[in-house]
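K.L.:
I have a structure I would like to understand better, so I am pasting it below and will then ask my questions one at a time.
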Amino acid sequence: MKSELRFQGVAVSPGIVRGTAYVYRPDEDLPPRTTIRDDQVAGEIARLQEALALTRRQIIELHDRVRESLGANDAEIFEAHLMVVEDGVLIDEVQKTLKRELCNAEHAFHTVAHRYAKSLAALEDPYFRERAADIHDISRRIVRNLLGRTTGGLSELKTPHVVIAHNLTPSDTAQIDRDIVIGFCTEAGGKTSHTAIMARSLNIPAIVGLHELLASVENGADVLVDGYSGVLIVHPSEETLSQYGALQASKAAMEMRLTELRETASTTQDGRHIILSANIEQPEDIEQAQSSGAEGVGLFRTEFLYLGREDLPSEEEQTAAYISVAAAARPHAVIIRTLDLGGDKLHDTLHTETEENPFLGWRAIRVCLERTDIFKTQLRAILRASVHGSIKIMFPMISGMPELRQAKAILEECRGELEREGVPFDREMEIGMMIEIPSAAMIADIFAKEVDFFSLGTNDLVQYTVAADRGNEHIAHLYEPTHPAVLRLIRKTVEAANAAGIWVGVCGEMGGDIVLTPLLVGLGIDELSCGSAVLPRVKRAVRSLDAAACRKLAAEALECADGSEILARCEAVARTHYGDLL
Ligand code: PEP
Ligand code: MG
């Protein structure tokens, strides 16, 4: 019996799960070395040639697909990859290494390719440094082909596991099959990183911020993930397991009671109705949204249609996805947010250049206004789907008026095109924008004249207000949703919306945090949009509260100097009304 070990991290997705650990190290791709005999050399070289030919075919196919969806410029990267596969000097060196060291082809290729890349990366010229990155990329693909693996990443897992990793990207999580990845724990990451958001959306217990974890957990270890308190237990004892069995049973009973609220209204004790809608990342999430009792979709993060693949979804593919969600959500509305790639959601082909500050960089509407070809494909698809249900459109990361006006002009261009083509669409479709940058909140009164609604993206609004990266666990203590400055920006936005007669929602993670529900109701928010898993809890919270008392709480909070004091006040109210949920 190994003795039990406990690690404390930050709980980001509730639930308890026990399983076998899979330690995922995507960057450590050194293939195992095996020694071969002299008489196996020819066979090994033949295997290498086959893998090179297969890689070549894959690259050509990818090149063509990407050229079609993204254009010739973005497809250029595959031409560089092709040059690596066809580099006679490199391949010759691999063969010599294989013969000299009597080692397997994957080890020989990896060793030589990495030596090449290292010497190129050391050169001043950025051209050569880019070639080094190409060699790393293509080397991974060739080694995968030699090992007979179809893709890298978590999609290789075939049986249920708890994934242990330094970090997971949203592209990794986009590929997760929830029957296979039953829980995950990472060393890095914050509560509102997109990986954490994805875990909640998939309903997988998850913990982040578990420092030095990889050094302490071996592959295949028996682990228990407590996604409520953020504790990971390695080699749990019999006693721990029985305690957790009891806890799990009481949580399940609570969930059952919450599902009974499905058909009830999210209205406060004194009659203020708060629209409670769901955040979704994939079209199939609409099912869970509906069974949670959501009044439609408040945020469809469409970029997840683009992640985990090298090409882009076509207009047809997107139209079908949006129709499926809009039709299922009827009679309720679906707010489709246009593409928000960038930041921590990097597209394999579109984001080839490394940015110093990706969250302040080429992200969301900034990508779309530059790549209008990609933007228009999506806008046309949204418009085409709009006759199949109640669709509203929303633009992310708007920092100033020219961006909003440009986005609306491109939408108008798409409407004109569809009209000329005789394709029907909803002319009255509401247009909204996200308020997630302080500059937008500060001029919300001006924006309010140009849109039909606001949705506060508090995940970003908090990080941009307090200058604390939402995914960086080292400064997580500074990432304070109850910071007085955040409250004032929310209040400013609500006041601007009220004055212009438009509605305002919250679709960031604050919307699903039941400790903060009294504050948001008190600040005058009309709609809360959150993950389906937490939605029944938010409904219970709203139904237990009194809007007038919430307004009093908000007024007092706006006078506070310190975020932790505001948080304590919110906790006190929440505890009085629904302490059993906390
Ligand atoms: C937000 O920023 O709060 C938001 C909802 O958008 P995302 O989390 O996708 O950045
Ligand atoms: Mg955002």
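The values are calculated or read from the model by the stated rules, or taken from the named source; none is laboratory data. Everything numeric here is computed off the predicted structure, so don't read it as measured data. Cβ: placed from backbone, ideal geometry, glycine included. Neighbour counts: every protein chain shown. Just the protein is used for accessible areas: all its heavy atoms, side chains included, with ligands, DNA and RNA removed. Shrake-Rupley method; radii C 1.70, N 1.55, O 1.52, S 1.80 Å.
K.L.:
Can L519 be described as crowded, with 20+ Cβ neighbours inside 10 Å and assigned to a helix (DSSP H, G or I)? I'd like the intermediate steps shown before the answer.
P.N.:
On the way: crowded, with 20+ Cβ neighbours inside 10 Å: yes; assigned to a helix (DSSP H, G or I): yes.
It is true that L519 is crowded, with 20+ Cβ neighbours inside 10 Å and assigned to a helix (DSSP H, G or I).
K.L.:
Check off (1) open to solvent by 10 Å² or more (accessible area, probe 1.4 Å); (2) within 16 Å of ligand 1 (Cβ to nearest atom); (3) outside any loop (DSSP other than H, G, I, E, B) for N498 and give me the number that stays unchecked.
P.N.:
Every condition holds for N498 apart from (2).
K.L.:
Taking the condition among the acidic types (D, E) and modelled with pLDDT of 90 or more, does E79 pass?
P.N.:
Details: among the acidic types (D, E): yes; modelled with pLDDT of 90 or more: no.
Against the criterion (among the acidic types (D, E) and modelled with pLDDT of 90 or more), E79 does not qualify.
K.L.:
Continuing with this model, one more query. Has the stretch 108-119 got at least one residue that is outside any helix (DSSP H, G or I), among the aliphatic types (A, V, I, L, M) and in the same structural domain as V85 (by TED's automatic domain parsing)? Please lay out each step first, then the result.
P.N.:
Start the filter on the stretch 108-119 by keeping residues that are outside any helix (DSSP H, G or I), which leaves none.
No, because not a single residue in the stretch 108-119 is outside any helix (DSSP H, G or I), among the aliphatic types (A, V, I, L, M) and in the same structural domain as V85 (by TED's automatic domain parsing).
K.L.:
Taking the condition of being assigned to a helix (DSSP H, G or I) and under 17 Å from the mean Cα position of the chain (by Cα), how many residues in the stretch 290-331 meet it?
P.N.:
Taking the stretch 290-331 first, the residues assigned to a helix (DSSP H, G or I) are 290-291, 302-305, 315-329.
Adding the requirement that they be under 17 Å from the mean Cα position of the chain (by Cα) leaves 302-305.
So the answer is 4.
K.L.:
Within the stretch 537-556, can one find any residue that is at pLDDT below 95, open to solvent by 20 Å² or more (accessible area, probe 1.4 Å), not in a strand (DSSP E or B) and not polar (S, T, N, Q)?
P.N.:
We begin by selecting, within the stretch 537-556, every residue at pLDDT below 95; these are 537.
Checking the rest, the ones that are also open to solvent by 20 Å² or more (accessible area, probe 1.4 Å) come to 537.
Now restrict to residues that are not in a strand (DSSP E or B): 537.
In the following step, the residues that additionally are not polar (S, T, N, Q) were identified as 537.
There is at least one residue in the stretch 537-556 that is at pLDDT below 95, open to solvent by 20 Å² or more (accessible area, probe 1.4 Å), not in a strand (DSSP E or B) and not polar (S, T, N, Q).
K.L.:
Out of curiosity, is G579 assigned to a helix (DSSP H, G or I), within 16 Å of ligand 1 (Cβ to nearest atom) and small (G, A, S)? Break it down into steps so the answer makes sense when it comes.
P.N.:
Values: assigned to a helix (DSSP H, G or I): yes; within 16 Å of ligand 1 (Cβ to nearest atom): no; small (G, A, S): yes.
So G579 does not fit the description; no.
K.L.:
Shifting gears a bit: G416 - would you say it is of a type outside the set (D, E), on the phi > 0 side of the Ramachandran plot, surrounded by fewer than 19 Cβ atoms within 10 Å (Cβ to Cβ) and out of contact with any Phe, Trp or Tyr (no Cβ under 6 Å at 6 or more places or on another chain)? Give the steps one after another, and end with the answer.
P.N.:
On the way: of a type outside the set (D, E): yes; on the phi > 0 side of the Ramachandran plot: no; surrounded by fewer than 19 Cβ atoms within 10 Å (Cβ to Cβ): yes; out of contact with any Phe, Trp or Tyr (no Cβ under 6 Å at 6 or more places or on another chain): yes.
No: the conditions fail for G416.
K.L.:
Pick from the stretch 5-46 the residues that are exposed (fewer than 14 other Cβ atoms within 10 Å of the Cβ) and hydroxyl-bearing (S, T, Y): which of them is modelled with the highest pLDDT?
P.N.:
If we take residues in the stretch 5-46 being exposed (fewer than 14 other Cβ atoms within 10 Å of the Cβ) and hydroxyl-bearing (S, T, Y), then T35 is modelled with the highest pLDDT.
K.L.:
Would you check if V506 is farther than 19 Å from G271 by Cα and away from ligand 2 (no atom under 16 Å from the Cβ)? First the steps, then the outcome.
P.N.:
Values: farther than 19 Å from G271 by Cα: yes; away from ligand 2 (no atom under 16 Å from the Cβ): no.
So V506 does not fit the description; no.
K.L.:
Looking at (1) open to solvent by 50 Å² or more (accessible area, probe 1.4 Å); (2) part of a helix (DSSP H, G or I); (3) not hydrophobic (A, V, I, L, M, F, W, C), which is the one condition that is false for K2?
P.N.:
(2)
K.L.:
Just one of T97, T55 is touching a Ser or Thr at 6+ places or on another chain (Cβ under 8 Å) and in a helix (DSSP H, G or I); which is it? Quick ask: steps written out before the conclusion?
P.N.:
Values: T55 fails: touching a Ser or Thr at 6+ places or on another chain (Cβ under 8 Å).
Being touching a Ser or Thr at 6+ places or on another chain (Cβ under 8 Å) and in a helix (DSSP H, G or I) holds for just one of T97, T55, which is T97.
K.L.:
Additional query: Is it true that some residue in the stretch 394-407 is within 22 Å of the chain's Cα centre (by Cα), farther than 18 Å from I502 by Cβ and within 16 Å of ligand 2 (Cβ to nearest atom)?
P.N.:
If we filter the stretch 394-407 for residues that are within 22 Å of the chain's Cα centre (by Cα), which is where we start, we get 394-399.
Next cut, farther than 18 Å from I502 by Cβ only: 397, 399.
Filter once more, so that each one left must be within 16 Å of ligand 2 (Cβ to nearest atom): 397, 399.
Yes, the stretch 394-407 contains a residue that is within 22 Å of the chain's Cα centre (by Cα), farther than 18 Å from I502 by Cβ and within 16 Å of ligand 2 (Cβ to nearest atom).
K.L.:
Is there any pair with a first residue in the stretch 448-462 that is of a type in the set (S, T, N, Q) and a second that is part of a loop (DSSP other than H, G, I, E, B) and within 10 Å of ligand 2 (Cβ to nearest atom) whose Cβ atoms are under 6 Å apart and which are 6 or more apart or on different chains, and what are they?
P.N.:
S455/C507; T458/G508; N459/T192; N459/R470; N459/G508
K.L.:
Which condition from (1) modelled with pLDDT of 95 or more; (2) surrounded by fewer than 18 Cβ atoms within 10 Å (Cβ to Cβ) is the one that H477 breaks?
P.N.:
Among (1) modelled with pLDDT of 95 or more; (2) surrounded by fewer than 18 Cβ atoms within 10 Å (Cβ to Cβ), H477 violates only (1).
K.L.:
Let me ask another. Is it the case, given these coordinates, that D340 is within 16 Å of ligand 2 (Cβ to nearest atom), assigned to a loop (DSSP other than H, G, I, E, B) and acidic (D, E)? Break it down into steps so the answer makes sense when it comes.
P.N.:
Values: within 16 Å of ligand 2 (Cβ to nearest atom): yes; assigned to a loop (DSSP other than H, G, I, E, B): yes; acidic (D, E): yes.
It is true that D340 is within 16 Å of ligand 2 (Cβ to nearest atom), assigned to a loop (DSSP other than H, G, I, E, B) and acidic (D, E).
Residue-by-condition table, conditions (1) modelled with pLDDT of 95 or more; (2) surrounded by fewer than 20 Cβ atoms within 10 Å (Cβ to Cβ); (3) in contact with a Leu (Cβ under 9 Å, 6 or more places away or on another chain):
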position: A294; (1), (2), (3): yes, no, yes
position: R301; (1), (2), (3): yes, no, no
position: L312; (1), (2), (3): no, no, yes
position: Y322; (1), (2), (3): yes, no, no
position: R337; (1), (2), (3): yes, no, yes
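K.L.:
Then there's this: Would you confirm, using the coordinates I've provided, whether D460 is of a type outside the set (S, T, N, Q) and within 16 Å of ligand 2 (Cβ to nearest atom)? Give the derivation first.
P.N.:
On the way: of a type outside the set (S, T, N, Q): yes; within 16 Å of ligand 2 (Cβ to nearest atom): yes.
When the stated conditions are applied, D460 passes them.
K.L.:
Kindly indicate whether A476 is closer than 25 Å to A196 by Cα and either part of a helix (DSSP H, G or I) or out of contact with any helix residue (DSSP H, G or I) (no Cβ under 9 Å at 6 or more places or on another chain) (or both). Steps first, please.
P.N.:
Numbers: closer than 25 Å to A196 by Cα: yes; either part of a helix (DSSP H, G or I) or out of contact with any helix residue (DSSP H, G or I) (no Cβ under 9 Å at 6 or more places or on another chain) (or both): yes.
Taking the combined requirement at face value, the residue satisfies it.
K.L.:
Go through the stretch 173-188 residue by residue and tally those that are modelled with pLDDT of 80 or more and either assigned to a loop (DSSP other than H, G, I, E, B) or open to solvent by 20 Å² or more (accessible area, probe 1.4 Å) (or both). Show your work before the answer.
P.N.:
Looking only at the stretch 173-188, we keep the residues that are modelled with pLDDT of 80 or more, and these are 173, 176-188.
Okay, now just the ones that are also either assigned to a loop (DSSP other than H, G, I, E, B) or open to solvent by 20 Å² or more (accessible area, probe 1.4 Å) (or both), so 176-180, 182, 187-188.
Number of matching residues: 8.
K.L.:
Taking the stretch 425-444, which residues are open to solvent by 10 Å² or more (accessible area, probe 1.4 Å) and within 16 Å of ligand 1 (Cβ to nearest atom)?
P.N.:
Once the filter is applied, which keeps residues that are open to solvent by 10 Å² or more (accessible area, probe 1.4 Å) and within 16 Å of ligand 1 (Cβ to nearest atom), the stretch 425-444 yields I437, P438, S439.
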